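Before any comments, here is the structure.
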Amino acid sequence: MTAREPRGMLREASHQIIAGGSAGLVEICLMHPLDVVKTRFQIQRGTSDPNSYKSLGDCFRTIFRNEGISGFYKGILPPIVAETPKRAVKFFTFEQYKKLLNLTPLSPGLALSVAGLGAGLTEAVVVNPFEVVKVSLQANRDSFAEQPSSFAQARRIINSEGFGLRGLNKGLTSTLGRHGVFNMIYFGFYFNVKDAIPSSPDPTLEFLRKFAIGLVSGTISSCVNIPFDVAKSRIQGPQPVPGEIKYRTCFQSMALVYREEGYLALYKGLVPKIMRLGPGGAVMLLVYEYVSGWLQKNW
């Protein structure tokens, strides 16, 4: 291997990491309010919950009235702190898994989906502690000024419950399922459909083509993986009875929600999730591709 080859590999990895981090940062800043709304719906336990929101509009109005505009940005620091490494890990590992799977007998289309699955599982391990802190902050209905900081909340969780599966890493299995399933469909659908639909020489039409494919990709992925997301929110959010752990594991939580609240309860928060990850997924892929293209041309 020549000296030029490691430099080329390092530059390529740098492009993927920078572009992936940029994609995550833009997406989280634009879409975080919808993530707060989604989490609020997922942690409420049916109409018997005294804090139950009547509709999506009621949720937005109640948060704005009781917590102010800052209420929509509760828990944003953990995702921002995590987003650059998280998305960098997602896109970097996707590219590496894709290279490895190209050496196997898998068809190119299937290899893209498997690479997405691997990237999602890797991403989940990195992001889960940040998710635990984020969900605990988003579940807090006090005004923004009265709630603890992200670092104070993380210290509280570590001091009371530790780093393990009951503390800063609780809900890991649900997070693995959520990210693995999402990215398997997200990357597999986007790149397979993008390759199947001819590109346009018109930059505006080409942008719209990619955005539309990314939008559909993010929407389908969100619809399929949301039961894992509901289980994750129940495990990581406040338990119904203080001091008593009701939601323990991924599939136990899904079964419990289904038995007590019905099948549709596994799809709580679907509308705000689609509103966030449909266009958010498109934004992320487009930012990644355009930043990566710019870096390849200019650096």
Sort the following peptides by mean Cβ neighbour count (other Cβ atoms within 10 Å, averaged over residues), highest first: 177-188, 86-97. 177-188, 86-97
Which listed pairs, of LYS54/LYS268; LYS38/LYS232; LYS134/LYS268; LYS86/LYS232; LYS210/LYS268, have C-alpha distances above 20 Å, in listed order: LYS210/LYS268
Under a 1.4 Å probe, what is the accessible area of the chain per residue, stated in Å²? 47 Å²
Of every hundred units of 1.4 Å-probe accessible area on the stretch 55-135, the number belonging to carbon and sulfur atoms, as a percent, is 73 percent
Relative contact order of the chain (C-alpha contacts under 8 Å, at least 6 apart) in percent is 26 percent
If LEU286, LEU215 are ordered by their accessible area, calculated over protein heavy atoms with a 1.4 Å probe, which sequence runs from highest to lowest? LEU215, LEU286
Using only DSSP helix segments of four residues or longer, with each worth -39500 (n - 2.57), what per-residue ellipticity at 222 nm results for the chain after dividing by its residue count and rounding to 500? -26000 deg cm²/dmol
Just one of (1) 20.1; (2) 21.1; (3) 19.2 is Kirkwood radius over Cα pairs in Å as worked out from the coordinates here. Which one is it? (1)
Rank-order 146-157, 225-236, 27-38 by packing density, defined as the average count of other C-beta atoms within 10 Å over each peptide's residues, highest first. 225-236, 27-38, 146-157
Shape category assigned to the stretch 140-189 from the gyration tensor of Cα positions, a/c cut at 1.5: oblate
Taking 0.36 nm per residue of sequence separation and subtracting the Cα-Cα distance, how much length would be gained by fully extending the chain between LEU30 and LEU165, in nm to one decimal? 45.5 nm
For the chain, take the longest principal axis of its alpha carbons; what is the angle in degrees between that and the long axis of helix 108-138, to the nearest 10 within 0 to 90? 30 degrees
So how do 119-127, 260-268 stack up, highest first, on mean other-Cβ count within 10 Å? 119-127, 260-268
Hey, if we sort LYS74, LYS246 by accessible area with the 1.4 Å probe, largest down, what's the order? LYS246, LYS74
Nearest-ten-degree value, helix 250-261 long axis tilted from longest Cα axis of the chain: 50 degrees
Could you sort ARG40, ARG276 by accessible area so the largest value comes first, with the probe set to 1.4 Å? ARG276, ARG40
Note the angle between two axes, namely the Cα long axis of helix 150-161 and the longest principal axis of the Cα atoms of the chain, as a number of degrees from 0 to 90, rounded to the nearest 10. 70 degrees
What whole number of Å gives the distance from the Cα centroid of the stretch 192-237 to the Cα centroid of the stretch 7-68? 16 Å
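The values are calculated or read from the model by the stated rules, or taken from the named source; none is laboratory data. Just so we're clear, the structure is a prediction, and the values are computed from it rather than from any experiment. Neighbour counts run over all protein chains shown; Cβ positions are idealised from the backbone, glycine included. Remember, those area values only see protein heavy atoms, side chains included, never the ligands or the DNA or RNA. Shrake-Rupley method; radii C 1.70, N 1.55, O 1.52, S 1.80 Å.
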